[in-house]
1. Scan (1) out of contact with any Gly (no Cβ under 6 Å at 6 or more places or on another chain); (2) open to solvent by 60 Å² or more (accessible area, probe 1.4 Å); (3) modelled with pLDDT under 85 for the single condition GLY69 breaks and write down its number.
2. Identify, please: which residue in segment 136-172 is among the polar types (S, T, N, Q) and outside any loop (DSSP other than H, G, I, E, B) and is, among those, modelled with the highest pLDDT?
3. Which of the residues belonging to segment 105-120 are in contact with a Gly (Cβ under 9 Å, 6 or more places away or on another chain) and either closer than 19 Å to ASN75 by Cα or open to solvent by 40 Å² or more (accessible area, probe 1.4 Å) (or both)?
4. Determine whether segment 136-150 contains at least one residue that is within 24 Å of THR70 (Cα to Cα), open to solvent by 20 Å² or more (accessible area, probe 1.4 Å) and free of Cβ contacts under 8 Å to residues at least 40 places away in the same chain.
5. If a residue must be within 27 Å of ASN75 (Cβ to Cβ), among the polar types (S, T, N, Q) and exposed (fewer than 13 other Cβ atoms within 10 Å of the Cβ), how many such residues does segment 151-172 contain?
6. Quick one: count up the residues across segment 151-172 that are at positive phi and touching a residue at least 60 places away in the same chain (Cβ under 8 Å).
7. Name, by its number, the condition in (1) of a type in the set (A, V, I, L, M); (2) modelled with pLDDT under 75; (3) not in a loop (DSSP other than H, G, I, E, B) that does not hold for VAL129.
8. Can you find, within segment 76-126, the residue that is modelled with the lowest pLDDT among those that are among the hydroxyl-bearing types (Ser, Thr, Tyr) and outside any strand (DSSP E or B)?
Amino acid sequence: MKRPWFILTLAFAAGCVVAAATNLFAQQNARQPSPAKKVIRTAAAPAKPTTAAKEAAHAGPGDWNQWGGTPARNNTPEGTNIPSEWNIGEFDKKTGEWDRESSENIKWVARLGSQSYGNPVVANGKVFVGTNNGAGYLKRYPAAVDLGCLVALNDADGSFLWQDSSEKLPTG
């Protein structure tokens, strides 16, 4: 088993604890909607917003839709009974599969590439993670092709939803 995958899984699991705790325990604490932003019009016709863009513009209660969670950016989720201790559990050394029964206060674990970029963002039932293509979720982009990716996972169970891939800059 490759160690970078295991280490990133550990780091991602810790990030998911915050995301899962926010969604599991903070749904009764709805946030106030942020004030509308000023729209600047240009001479060019504006593009029609996609359904995904419309959904993303309206974060729901318990969403962690920006760095630090709220405009205060104090990295503290709103909620009660949020676990302060957790154990990611064990992984099978041959297959890399996660043993859910050996974990404590972990909702799910997802495989990422060998690098991750930024922190997870949770919005509208999805977890968005910046990573490389090391997980090889799509056949057309095998893990051997090094790409920068935005991966969307289901907040409920960590299952893969979609991936947006781009060639990396020469600087990495």
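1. With (1) out of contact with any Gly (no Cβ under 6 Å at 6 or more places or on another chain); (2) open to solvent by 60 Å² or more (accessible area, probe 1.4 Å); (3) modelled with pLDDT under 85 applied to GLY69, the lone miss is (2).
2. Per the stated criteria, the residue is ASN154.
3. Of everything in segment 105-120, those that are in contact with a Gly (Cβ under 9 Å, 6 or more places away or on another chain) and either closer than 19 Å to ASN75 by Cα or open to solvent by 40 Å² or more (accessible area, probe 1.4 Å) (or both) turn out to be ILE106, LYS107, ARG111, SER114, GLN115, SER116, TYR117, GLY118, ASN119, PRO120.
4. Our first condition is that a residue be within 24 Å of THR70 (Cα to Cα); within segment 136-150, this holds for 150.
When the remaining residues are screened for being open to solvent by 20 Å² or more (accessible area, probe 1.4 Å), the result is 150.
So of that shortlist, the ones also free of Cβ contacts under 8 Å to residues at least 40 places away in the same chain come out as 150.
Taking every residue of segment 136-150 in turn, at least one turns out to be within 24 Å of THR70 (Cα to Cα), open to solvent by 20 Å² or more (accessible area, probe 1.4 Å) and free of Cβ contacts under 8 Å to residues at least 40 places away in the same chain.
5. 1
6. 1
7. With respect to (1) of a type in the set (A, V, I, L, M); (2) modelled with pLDDT under 75; (3) not in a loop (DSSP other than H, G, I, E, B), VAL129 is out only on (2).
8. Here is the first cut: in segment 76-126, the ones among the hydroxyl-bearing types (Ser, Thr, Tyr) are 76, 80, 84, 95, 102-103, 114, 116-117.
If we keep only those that are outside any strand (DSSP E or B) too, we end up with 76, 80, 84, 95, 102-103, 114.
On the way: THR76: 72, THR80: 81, SER84: 88, THR95: 90, SER102: 95, SER103: 95, SER114: 89.
So the residue we want is THR76.
The values are calculated or read from the model by the stated rules, or taken from the named source; none is laboratory data. Predicted, not measured: the structure shown is a model, and the values here were computed from it. With ideal geometry, Cβ positions are generated from the backbone for all residues, glycine too; neighbour counts draw on all protein chains shown. For accessibility, only protein heavy atoms count, side chains too; no ligands or nucleic acids. Shrake-Rupley method; radii C 1.70, N 1.55, O 1.52, S 1.80 Å.
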